[in-house]
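None of the figures in this text is laboratory data; all of them are computed from the coordinates on show. Everything numeric here is computed off the predicted structure, so don't read it as measured data. With ideal geometry, Cβ positions are generated from the backbone for all residues, glycine too; neighbour counts draw on all protein chains shown.
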Amino acid sequence: MGSGFRIGVDVAAALAVGLGIGYLLDVWLGTKPWLLVVFFFLGAGAGILNVYRAVMGMGYQVGFRKSGGNHDKAPPERRDDG
């Protein structure tokens, strides 16, 4: 139940931030309602992306990182054959 509540809050927060930014920019620039519509869709996209990230990360412990990446490897050394 907690993860469902978190996902709902993530979507609502992303939409609220998008709508807020769009509204404020419309008032400031006088472009009603175009920026509100644009930022609504950007907020919806951000909310969906947050849901995707939350769902794909379910079942992992805090701090878990998938293996196979080069996150822990040192960068290759440069060779000067000159």
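A few notes on this one:
- Residues located in segment 10-31, provided they are in contact with a Phe, Trp or Tyr (Cβ under 6 Å, 6 or more places away or on another chain) and under 19 Å from TYR52 (Cβ atoms): GLY18
- The one condition in (1) surrounded by fewer than 17 Cβ atoms within 10 Å (Cβ to Cβ); (2) in a helix (DSSP H, G or I) that LYS32 fails to fulfil: (2)
- Cβ-Cβ under 9 Å pairs, at least 6 apart or on other chains, segment 1-20 side farther than 13 Å from GLY43 by Cα, far side β-branched (Val, Ile, Thr) and surrounded by 12 or more Cβ atoms within 10 Å (Cβ to Cβ): ILE7/VAL51
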